[in-house]
Amino acid sequence: MEKLPIIIDCDPGQDDAIALLLAMSCTDELDILGITTVAGNVQLDLTTRNARLMCDIAGRDDIVVYAGCEKPLERQLVTAEKVHGKTGIDGIPIVEPRAMLGQAHAVDFIIEALLGVTDAPITLVLMGPLTNIATAFAKEPAIRNGVAEVVLMGGAMREGGNISPSAEFNILVDPQAADRVFRSGVPITVMGLDATHQVLSTKERRDRLRAIGSEPGRAAAAMLDFYNKFDSAKYGSNGAPLHDPCTVAYLLKPELFQGKRCNLSVETQSELTIGHTSVDFWHVTDRPPNVNWIHTVDANGFYDLLFEGLSRYGNA
Ligand code: RIB
Ligand code: CA
């Protein structure tokens, strides 16, 4: 199997962090060209530090992290410390990261990488507000030709919103950026809350992660123990939804996911429903399909994949 060239854009956040650990364990399947960070769950300096820390935990000193946009295109930044804690990855000790911090701005790194595509277009794996990608598309529209696919976590249909009654966090933080991405014409697969709320980090699953016996396994379990609290209490569920790793799992084992082509449009005007993703699942409008909307996930298969990936790090 040819390695899939990818760029991961994220706002760690415990779920982003676990997605990074999973992706970085897949050295045979994924060629991570770089990790870019954006302000979202916490401020940009913290999301960037957190991504670098994951590279350290994964032992991937070959991967460079590039810091991106520190605020949305038009709106004021909204962060989510109440979910993720002040560090963004509460649950594990914070130390000074060693991983390389790229000198280029994330947007310029993304543009250069996509313009440099010769024969293998790049898959963009997006796990936070879409500010970096939207800025890159606007600055250099030709880069869209270098995109194989966008696989992103964001939006909601039947699940309703998690940051407002109508909107999911990644989209609400920067609805103008999201609108640009969904109108860009590139192939997009969307893991909305309808999908990610099917993969709950139950105690059994967290304990299974802990038993892996490696630093990445222990770190993932410890982060989930903290991350689990807010959503479990909010939803009265047996575990918090593990949003962002769904994007990486889709690259590795797409058969775990079922989707449907339909139109997704973003509300950018109404203050009441700003960031709402209007998903025309039943094709009741003439809006052209622009996404593969994931609606069903094999949750046990997802966690088996996550355990298998994190177990590759060995026991240490
Ligand atoms: O709504 C969930 C999304 O918002 C996840 O990507 C989480 O990390 C936060 O960024
Ligand atoms: Ca995220």
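The values are calculated or read from the model by the stated rules, or taken from the named source; none is laboratory data. Every value quoted in this text rests on a predicted model; they were computed, and no experiment measured them. In this analysis, Cβ positions are derived from the backbone assuming ideal geometry, glycine residues included, and neighbour counts consider all displayed protein chains. Note: areas computed on protein heavy atoms with side chains; ligands, DNA, RNA excluded. Shrake-Rupley method; radii C 1.70, N 1.55, O 1.52, S 1.80 Å.
Things worth noting here:
- Single unsatisfied condition, R218 versus (1) in contact with a Lys or Arg (Cβ under 7 Å, 6 or more places away or on another chain); (2) under 27 Å from V291 (Cβ atoms): (2)
- Test: residue in the range 219-240 that is touching a Phe, Trp or Tyr at 6+ places or on another chain (Cβ under 7 Å) and open to solvent by 30 Å² or more (accessible area, probe 1.4 Å): no
- Only residues that are free of Cβ contacts under 8 Å to residues at least 12 places away in the same chain and either aromatic (F, W, Y) or closer than 18 Å to M191 by Cα (or both) were counted across the range 236-254, and they come to 1.
- For the range 80-98, the set of residues classified as open to solvent by 40 Å² or more (accessible area, probe 1.4 Å) and of a type in the set (S, T, N, Q) is empty.
- Hits in the range 188-212 - residues which are small (G, A, S) and farther than 17 Å from G91 by Cα: G192, A195
- The range 241-272 - residue that is charged (D, E, K, R) and assigned to a loop (DSSP other than H, G, I, E, B) and, of those, most open to solvent (accessible area, probe 1.4 Å): E271
- Residue within the range 213-220 that is outside any helix (DSSP H, G or I) and of a type outside the set (D, E, K, R) present: yes
- The residue that is farthest from ligand 2 (Cβ to nearest atom), among those in the range 21-56 that are open to solvent by 30 Å² or more (accessible area, probe 1.4 Å) and not charged (D, E, K, R), is T27.
- Flag if D194 is touching an Asp or Glu at 6+ places or on another chain (Cβ under 7 Å) and either farther than 30 Å from T118 by Cβ or within 16 Å of ligand 2 (Cβ to nearest atom) (or both): yes
- Selected residue (only one of S201, S214, S164 is more than 23 Å from V297 (Cβ to Cβ), in contact (Cβ under 8 Å) with a residue 12 or more places away in the chain, open to solvent by less than 20 Å² (accessible area, probe 1.4 Å) and more than 15 Å from the chain's Cα centre (by Cα)): S214
- Put simply, of L152, L172 the only residue that is in contact (Cβ under 8 Å) with a residue 60 or more places away in the chain, within 16 Å of ligand 2 (Cβ to nearest atom), open to solvent by less than 10 Å² (accessible area, probe 1.4 Å) and not small (G, A, S) is L152.
- Checking R183, R144 one by one, the residue that is touching a residue at least 60 places away in the same chain (Cβ under 8 Å), away from ligand 1 (no atom under 14 Å from the Cβ) and either charged (D, E, K, R) or buried (at least 24 other Cβ atoms within 10 Å of the Cβ) (or both) is R183 and no other.
- Test: residue in the range 125-138 that is part of a strand (DSSP E or B), modelled with pLDDT of 95 or more and surrounded by 18 or more Cβ atoms within 10 Å (Cβ to Cβ): yes
- Any hit, the range 6-20, residues being away from ligand 2 (no atom under 15 Å from the Cβ) and over 22 Å from T196 (Cβ atoms): no
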